[in-house]
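The values are calculated or read from the model by the stated rules, or taken from the named source; none is laboratory data. Just so it is clear, the model here is predicted, and its values are computed rather than measured. Ideal geometry is used to build each Cβ from the backbone, glycine not excepted, and the neighbour counts take in all protein chains shown. Ligands, DNA and RNA are stripped out before the accessible areas are found, and what is left, the full protein with its side chains, is counted by its heavy atoms. Shrake-Rupley method; radii C 1.70, N 1.55, O 1.52, S 1.80 Å.
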Amino acid sequence: HWVYGKMPPPPDNLRAVLTETRREGRVTVREVRLEFGPDHRGILHVHLSIPDRKGPFPVFLTNQPRISSWIYPAIRRGYLACIYDATDPIFGATDDSDKFIDVYPDYDFACIARWAWAAMRAVDYLYTLPEVDPQKIGITGFSRNAKQALLAAAFDERIGAVVGSSGTTGECLPWRYCTSDYWGTGSIESITGGPHNTHWFHPRLRYFAGREDKLPVDQNQLMALVAPRGLMMYAAYSEHEGNCFGYEQAYRSVRTVYRLLGREENVQLHLRSGEHDFIPNHIENYVNFFDSVFGRHHYPKSETWINGYTFEGWLNASGERVDVS
């Protein structure tokens, strides 16, 4: 209600139209148009890249356009890659989700929510394919695309793991650690009406600009909805859009839920060096994480700390005591 708006229920009339099949090296590419919703007016284009191996395959799901080269490390390592056309046109791709506004006029889901809802429709289709192992679907995306990947995983339990890649504000970074006056990162003020002035989130979120502590939900709760499935918080500790202190506190919070459910190994914190940019080699780390969660191969758990701050540690170090009486 406050952050994303209300999403429609899953359509019960999804149909897939195969528009093209071609070979690219040792990969079969399928271009598919999904049609759903009232009078099948909802349209989403998906692009499958299927390796020349024996399936069923785990899935690397993303809305990063092909030009970004995100899918190729995953394909090389035996994943079926699925790209869905619901992302910012600034990346040179088509945003099919924009038209969902007209198809579902009774729902007020904002941009990030429409992208995430599109990811769920891609999963609807993947579940119909014999080439897919439905228990091994991993989703990821970078920056604004990471925001929608986390939301999709939180609301669709068929997604087995998610890597948030530098999504920062409105992803793995809680709103309470985004105030621009103190933390110097993207705030509710800047993202809903200031320098950035995006349409990513619901306009109601702006009510909490400057009073983030009054927001009745926060991103650690959204991440907790993913548990006990795989969740990797992946960002740069030095990027101008980030706040490693906030990441660490959010990780400590959500880790308690994974611990309660006995799956603490499924939540990881990876704070890298660098800026708010992307290097294709990072994808190897994402696939390592998916492999670990899906039981394909074990890789050591990533848990990096920059500040390492805890309130309990501060109490011990400072000797402060509060007499609540």
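Accessible area of Ile101 (1.4 Å probe, protein heavy atoms only, ligands and nucleic acids ignored): about 80 Å². Helix 144-155 and the long axis of the chain differ in direction by around 90°, with both axes built from C-alpha atoms.
Lysine pair count for the chain (Cα-Cα distance under 28 Å; residues 8 or more apart in sequence or on different chains): 10. Accessible surface for the chain, divided over its residues, is 44 Å² per residue with a 1.4 Å probe.
For the pair the range 234-311 and the range 155-218, the centres of their Cα atoms are 19 angstrom apart. For the chain, set up a GNM with springs between Cα atoms under 10 Å and report which of Asn13, Asn266, Asn285 has the largest fluctuation. Highest fluctuation among the options: Asn13.
The angle between the Cα long axis of helix 282-293 and the longest principal axis of the Cα atoms of the chain comes to about 90 degrees, rounded to the nearest 10. The fraction of accessible area contributed by carbon and sulfur in the range 177-325 is 53 percent, rounded to a whole number (1.4 Å probe; ligands and nucleic acids excluded). Comparing Arg144, Arg53, Arg206, which has the greatest mean-square fluctuation in the GNM of the chain with Cα pairs linked when under 10 Å apart? It is Arg53.
To the nearest 10 degrees, how steeply does helix 244-260 sit against the main Cα axis of the chain, on a 0 to 90 scale? Compared with the principal axis, the helix lies near 70 degrees. Per residue, the chain reaches -7500 deg cm²/dmol at 222 nm when only DSSP H runs of four or more residues are counted, each adding -39500 (n - 2.57).
Mind ranking Ile306, Ile90 by accessible surface for me, highest first, 1.4 Å probe?
Result, largest first: Ile90, Ile306.
3J(HN,Hα) along the range 262-276: x, 10, 4, 5, 8, 10, 9, 10, 10, 9, 9, 7, x, 10, 7 Hz, from the Karplus curve 6.51 cos²θ - 1.76 cosθ + 1.60 with θ = phi - 60°, whole Hz, x for Gly and Pro. In terms of the mean number of neighbouring beta-carbon atoms within 10 Å, the peptides 114-120, 254-260, 73-79 order highest first as 114-120, 73-79, 254-260.
Backbone phi angles across the range 202-209, fed through the Karplus curve with coefficients 6.51, -1.76 and 1.60 (θ = phi - 60°), yield HN-Hα couplings of 5, x, 4, 4, 5, 4, 9, 5 Hz in residue order; Gly and Pro are listed as x. The stretch between Asp323 and His240, if pulled fully straight at 0.36 nm per residue, gains 25.9 nm over its current Cα-Cα span. Heavy-atom accessible area for Tyr237, with the other protein chains in place and a 1.4 Å probe, reaches approximately 100 Å². Rolling a 1.4 Å probe over the protein heavy atoms of the range 1-149, with every protein chain left in place, gives an accessible area that is 52 percent carbon and sulfur.
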